[in-house]
Structures are given as structure tokens and as C-alpha cells.
1. Please count how many residues of the stretch 49-65 are over 24 Å from Val101 (Cα atoms) and at pLDDT 95 or above.
2. Being within 12 Å of the chain's Cα centre (by Cα) and either part of a loop (DSSP other than H, G, I, E, B) or under 21 Å from Thr112 (Cβ atoms) (or both) is the filter here, so list the residues in the stretch 13-25 that pass it.
3. Tell me which residues, restricted to the stretch 108-160, are in contact (Cβ under 8 Å) with a residue 40 or more places away in the chain, open to solvent by less than 60 Å² (accessible area, probe 1.4 Å) and outside any strand (DSSP E or B).
4. Please tell me if His7 is in contact with a His (Cβ under 8 Å, 6 or more places away or on another chain) and either surrounded by 15 or more Cβ atoms within 10 Å (Cβ to Cβ) or within 15 Å of Ile116 (Cβ to Cβ) (or both).
5. If you scan the stretch 83-98, which residues turn out to be open to solvent by 50 Å² or more (accessible area, probe 1.4 Å) and either polar (S, T, N, Q) or not in a loop (DSSP other than H, G, I, E, B) (or both)?
6. If we scan the stretch 33-42, do we find a residue that is within 14 Å of the chain's Cα centre (by Cα), of a type in the set (Ser, Thr, Tyr) and crowded, with 20+ Cβ neighbours inside 10 Å?
7. In the stretch 37-51, how many are hydroxyl-bearing (Ser, Thr, Tyr) and over 8 Å from Glu76 (Cα atoms)?
8. Out of the residues in the stretch 44-64 that are in a helix (DSSP H, G or I) and free of Cβ contacts under 8 Å to residues at least 40 places away in the same chain, which is least open to solvent (accessible area, probe 1.4 Å)?
Amino acid sequence: AFGTGHHETTYLMLKHLQAIVKPGMTVLDLGSGSGILAIASKKLGAAKVSAVEFDADCKDNFNENLKLNGLNNQIEFVEMDVLKWRTFDFDLILANINKNVITSLVKNMVETKADIFLTGLLNDDEQEIQELLKSIGFEIVSTQHKNEWMFLHIKYNAVK
């Protein structure tokens, strides 16, 4: 059910996107896959959306979904490992990826001014993830759960 909006993690992201994305915002979707979160961000009014995906097999599906949604060439697709991405000057950063990638990825995002949405995390990992985030300077804005999955909205807090 990944990429359809029906998986719990995608559902949680979409729900929170609707509440925060405003016209003119910039959004970075890390681990974009089929592009559903990037597409939703653009449809909600984001001015600039960049999608980063490591799996080359996703690119055709991503472009097909852009076409189905009337968004040809309106979202930048970058094929690369998200752990090598270094540009975090966006209003909102999305990462619906697994725990191992997220624990490395957030260390690269210190000092960004972006709101960050994380999911792909299991409820069982909540304490470990929250301790890591706090230890590197992130504030947990909100948390939500759906079945065994967890969503986190975080922001870097430059003042410790």
C-alpha cells in the first residue's frame, strides 16, 4: 500500500500536510518513491517542491503520477541517496523512510529552519528516536500514532 495514500505512514503525512502547506511554501520530499507526498504538497499550493529518491525504478512511476495529476515538470526529481543531500533551506521537509535512514538523516538537518515531518517509524522506536532528536537539538512539536506507526513533527532549536 505504499504510494497509494492508504498505508498508515502516508496517511499521517497527508493529514499533516493539509494542515501546514500554504501557497508559496517550499517543500523537500526525501525518499519520495511514487511521489504522492510531493504531488500533494504541490496540489496544496507549494510553490517549489523537490523530490529525492535513491531507487531509479521509482522514477517512471513518479513521472506517471505527475502526468496523471497534471503536474508534468512541476516537481524537481533528483535521483540520489537522501543521506548525501545537503540542501535543507526549505519551509517543510518530509521523510517517510525507515528508522535507520532517519537516524542518520536528521543529523544532516541540524540548523535547518524548516518544519520537518518524519514517519516510517514504529511506535516501539518512539523513546529511542525522541532521545536522539533531543540530543542533537530538535524540538518535538507533535507526535501522532496510527496502529503501530508513528509520525513526528520536529523543528531544530538553535537555542539549547
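1. We begin by selecting, within the stretch 49-65, every residue over 24 Å from Val101 (Cα atoms); these are 63-65.
The next check asks that each one be at pLDDT 95 or above; those that pass are none.
The number of residues fulfilling the criteria is 0.
2. Pass one, the stretch 13-25, residues within 12 Å of the chain's Cα centre (by Cα): 13-14, 16-17.
Met13, His16, Leu17 - these are the residues of the stretch 13-25 that are within 12 Å of the chain's Cα centre (by Cα) and either part of a loop (DSSP other than H, G, I, E, B) or under 21 Å from Thr112 (Cβ atoms) (or both).
3. Met109, Val110, Thr112, Ala114
4. Details: in contact with a His (Cβ under 8 Å, 6 or more places away or on another chain): no; either surrounded by 15 or more Cβ atoms within 10 Å (Cβ to Cβ) or within 15 Å of Ile116 (Cβ to Cβ) (or both): yes.
Here the answer is no, as His7 does not meet what is asked.
5. Step one: list which residues in the stretch 83-98 are open to solvent by 50 Å² or more (accessible area, probe 1.4 Å), which gives 83-84, 86-87, 89, 91, 98.
Answer for the stretch 83-98, where residues must be open to solvent by 50 Å² or more (accessible area, probe 1.4 Å) and either polar (S, T, N, Q) or not in a loop (DSSP other than H, G, I, E, B) (or both): Leu83, Lys84, Thr87, Asn98.
6. Of the residues in the stretch 33-42, the ones within 14 Å of the chain's Cα centre (by Cα) are 33-42.
Subset that is of a type in the set (Ser, Thr, Tyr): 34, 41.
This time we only want the ones that are crowded, with 20+ Cβ neighbours inside 10 Å, so: 41.
Scanning the stretch 33-42 turns up at least one residue that is within 14 Å of the chain's Cα centre (by Cα), of a type in the set (Ser, Thr, Tyr) and crowded, with 20+ Cβ neighbours inside 10 Å.
7. Filtering the stretch 37-51 for residues hydroxyl-bearing (Ser, Thr, Tyr) gives 41, 50.
Filter again for over 8 Å from Glu76 (Cα atoms), leaving 41.
Looking only at that region, the number is 1.
8. Here is the first cut: in the stretch 44-64, the ones in a helix (DSSP H, G or I) are 58-64.
Filter once more, so that each one left must be free of Cβ contacts under 8 Å to residues at least 40 places away in the same chain: 58-60, 62-64.
Values: Cys58: 29, Lys59: 83, Asp60: 121, Phe62: 0, Asn63: 65, Glu64: 104 Å².
Step by step, filter the stretch 44-64, then rank; the result is Phe62.
The values are calculated or read from the model by the stated rules, or taken from the named source; none is laboratory data. What you are looking at is a predicted structure, and each value in this text was computed from that prediction instead of being measured. Cβ: placed from backbone, ideal geometry, glycine included. Neighbour counts: every protein chain shown. Protein only, heavy atoms only, side chains kept; ligands, DNA and RNA dropped before computing areas. Shrake-Rupley method; radii C 1.70, N 1.55, O 1.52, S 1.80 Å.
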